[in-house]
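Student: Sharing a structure, written as structure tokens. Questions coming.
The values are calculated or read from the model by the stated rules, or taken from the named source; none is laboratory data. The structure displayed is predicted, hence computed values, not measured ones. Don't worry about glycine lacking a Cβ; one is built from the backbone with ideal geometry, like all the others, and counts go over all protein chains shown.
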Amino acid sequence: SLYNMYIFNRLGACVYYEEYNRTTPPASLEDEQNLIYGMLYSFKHFVQKTSPKPDEEQSGFRYFRTSAYKLHYFETASGFRLVLNSAPNVADLRKELRFVYSLLVDYVIKNPEYTVNDKIQPDVFSVFVRELGTYLTAKKLLK
Amino acid sequence: VYKRQEYGNKLNVGQTVVFAMSKLAKIGDQAWNGNTEKINAELFILTYGALVSQALKEHESVADVNAFLEQTGYNIGLRLVDEFLARSGIGRCGDWKETADVIAKVGFKMFLGVSAQVVGFDSEKKEFSLVLDDNPLTEFVELPDDAGELIYCNVLCGVLRGALEMVQMSVECTYVRCTLRGDDASEIKIVLKEILADSIPAGED
């Protein structure tokens, strides 16, 4: 019930993208990634500005749902943005995204072969990809 | 849940500060005791000492070594901040004071096992100092007579600079006092230079 996942760095570039189950691929993946990042950036500011409780840490954009999919969002203070698209009936994946972030820290950021803000090549960081897959399968999000 | 209050009623500020400090200290302790992998302290201290002595051999001047240590720290800080955020679960800090407390109580505790104290907090000049009563890096260390202006723990200044830059704060860190030079405690002074704006994605106007 997962469709795809994006991980953006603090500069707005998509450093990781994985597809699980997607029927219509986009014309240009890069355009789509920029579009999503731009939308998230604007949306986050919009949500903050219109919120009745702007100071609370917990309030903020977590997910949006359409009839076709649900987009889950997790952002860190260091600027990493994790986006996961799933089937509309999936519950809030905030905890799962937090765990994916800790996987990112353990297997990518701590890896000396990784320069901060670079793209995450799946062949170089195969352990990360594998651990990610194992975790998502364990959480019954992937078959 | 507690409300942060501006510097109005002194009693309230004291109470909220104490509450905030003990909550942060708890987070720091949990992070240190809980799921952190630890390495042998002596191994870490001696490895760092070896790094510094090698740097002294390789660089011509002590100022170069200080810059090298700071730059090394900066590179560490860029990555360390993500581990810190992932482990502690702390989100954005509301203000400069909270930043200071989080670094002292949670950050230092999580990575060095000792909390620092925040002294000399000045919200106008945007600066504060972190005081460490015992700095684990300097255990077993004695500076030789020809060390000159060597700042042995300059790596810590670099780490703070790198980590804070990743959370949109540009700071200047200097090592003010050091137990290796006969002072009673180690002190790092941090001055906020500017808050970096969120980078706007390319193509957006």
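Student: Only residues that are part of a strand (DSSP E or B), more than 14 Å from chain B (Cβ to nearest Cβ) and among the hydrophobic types (A, V, I, L, M, F, W, C): list them for region A:72-89, please.
Tutor: If the condition is that a residue be part of a strand (DSSP E or B), more than 14 Å from chain B (Cβ to nearest Cβ) and among the hydrophobic types (A, V, I, L, M, F, W, C), then A:Leu84 is the only one that fits.
Student: If you don't mind, another one. Just to check your reading of the model, which residue among B:Ala104, B:Ala86, B:Ala116, B:Ala100 is closer than 24 Å to A:Asn111 by Cα, surrounded by 14 or more Cβ atoms within 10 Å (Cβ to Cβ) and among the small types (Gly, Ala, Ser)?
Tutor: B:Ala86
Student: Within region B:131-139, is there a residue that is more than 14 Å from every other protein chain (Cβ to nearest Cβ) and at pLDDT 90 or above?
Tutor: Yes, there is a match, as at least one residue in region B:131-139 is more than 14 Å from every other protein chain (Cβ to nearest Cβ) and at pLDDT 90 or above.
Student: Can you pull out the helices (runs of 4 or more DSSP H) entirely within region B:49-126 that have at least 3 residues that are within 14 Å of chain A (Cβ to nearest Cβ) and not acidic (Asp, Glu)?
Tutor: B:62-88
Student: I need a count of the residues in region B:47-106 that are of a type outside the set (A, V, I, L, M, F, W, C) and closer than 17 Å to B:Leu156 by Cβ.
Tutor: Of all residues in region B:47-106, those of a type outside the set (A, V, I, L, M, F, W, C) come to B:47-49, B:53-54, B:57-61, B:64, B:66, B:70-75, B:77, B:79, B:82-83, B:87-89, B:91-92, B:94-95, B:97-99, B:101, B:105.
Among the residues that remain, those that are also closer than 17 Å to B:Leu156 by Cβ are: B:47-49, B:66, B:70-75, B:77, B:79, B:83, B:99, B:105.
The qualifying residues number 15.
Student: Return the residues of region A:1-59 that are of a type outside the set (Ser, Thr, Tyr), in a loop (DSSP other than H, G, I, E, B) and away from every other protein chain (no Cβ under 12 Å); say none if nothing qualifies.
Tutor: The first filter runs over region A:1-59 and keeps only residues of a type outside the set (Ser, Thr, Tyr), leaving A:2, A:4-5, A:7-15, A:18-19, A:21-22, A:25-27, A:29-36, A:38-40, A:43-49, A:52-58.
The next check asks that each one be in a loop (DSSP other than H, G, I, E, B); those that pass are A:9-13, A:21-22, A:25-27, A:52-58.
Hits for region A:1-59 are A:Asn21, A:Arg22, A:Pro25, A:Pro26, A:Ala27, A:Pro52.
Student: Evaluate the following for A:Tyr101: is it assigned to a helix (DSSP H, G or I) and surrounded by 18 or more Cβ atoms within 10 Å (Cβ to Cβ)?
Tutor: So A:Tyr101 passes the test.
Student: I'd like to know if region A:60-71 contains one or more residues that are out of contact with any Asp or Glu (no Cβ under 8 Å at 6 or more places or on another chain), over 20 Å from A:Ala13 (Cβ atoms), in contact (Cβ under 8 Å) with a residue 40 or more places away in the chain and outside any strand (DSSP E or B).
Tutor: Among the residues of region A:60-71, at least one is out of contact with any Asp or Glu (no Cβ under 8 Å at 6 or more places or on another chain), over 20 Å from A:Ala13 (Cβ atoms), in contact (Cβ under 8 Å) with a residue 40 or more places away in the chain and outside any strand (DSSP E or B), which makes the answer yes.
Student: When you check A:Ser86 against the structure, is it surrounded by 15 or more Cβ atoms within 10 Å (Cβ to Cβ), closer than 18 Å to A:Arg10 by Cβ and in contact with a Lys or Arg (Cβ under 9 Å, 6 or more places away or on another chain), yes or no?
Tutor: So A:Ser86 fails the test.
Student: Let me ask something additional. Which condition does B:Leu160 not pass, out of (1) crowded, with 21+ Cβ neighbours inside 10 Å; (2) over 19 Å from the mean Cα position of the chain (by Cα), if it passes all the others?
Tutor: (2)
Student: Suppose we filter B:Leu80, B:Leu132 for residues that are buried (at least 21 other Cβ atoms within 10 Å of the Cβ), among the aliphatic types (A, V, I, L, M) and touching a strand residue (DSSP E or B) at 6+ places or on another chain (Cβ under 9 Å); which single one remains?
Tutor: B:Leu132
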